[in-house]
1. In nm, to one decimal, how far is the modelled label at Asp13 from the one at Asp47, with both set 7 Å along Cα→Cβ?
2. Once phi is turned into θ = phi - 60°, what whole-Hz ³J(HN,Hα) does the Karplus curve with 6.51, -1.76 and 1.60 give for every residue of segment 25-34, x standing for Gly and Pro?
3. Applying the Karplus parametrisation 6.51 cos²θ - 1.76 cosθ + 1.60 with θ = phi - 60° to the phi angles of segment 35-42, what ³J(HN,Hα) value in whole Hz is obtained for each residue in order, glycine and proline being reported as x?
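No lab work stands behind these numbers, since they all come straight from the coordinates. Since we're looking at a predicted model, the values are computed, not measured. As a convention, Cβ positions derive from the backbone with ideal geometry for all residues, glycine included, and neighbour counts pool all protein chains shown.
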Amino acid sequence: MGKSILTIDVDPDILLMINLVLSELGHSVTVSQTGEEAERLNEYKHDLILLDICLNGFPWTDWLYEDQK
């Protein structure tokens, strides 16, 4: 059974490529281009989060740490 994956990146081509590959492998992929959108989408508790850590203006380490609580 596939996993639920949240992918966060500002580049739509990267999001498309990741979505296509992971979907073909049977996973459910949700994509986001902003930190704010990702934070809203993460309410659904994904099995895996793939993110561009160079995305500016969002406190990723705090967000991911809080997600584990």
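1. 3.0
2. Per-residue couplings from phi come out as 7, x, 8, 9, 10, 10, 10, 8, 9, 9 Hz.
3. After applying 6.51 cos²θ - 1.76 cosθ + 1.60, I find x, 5, 5, 4, 4, 5, 5, 6 Hz.
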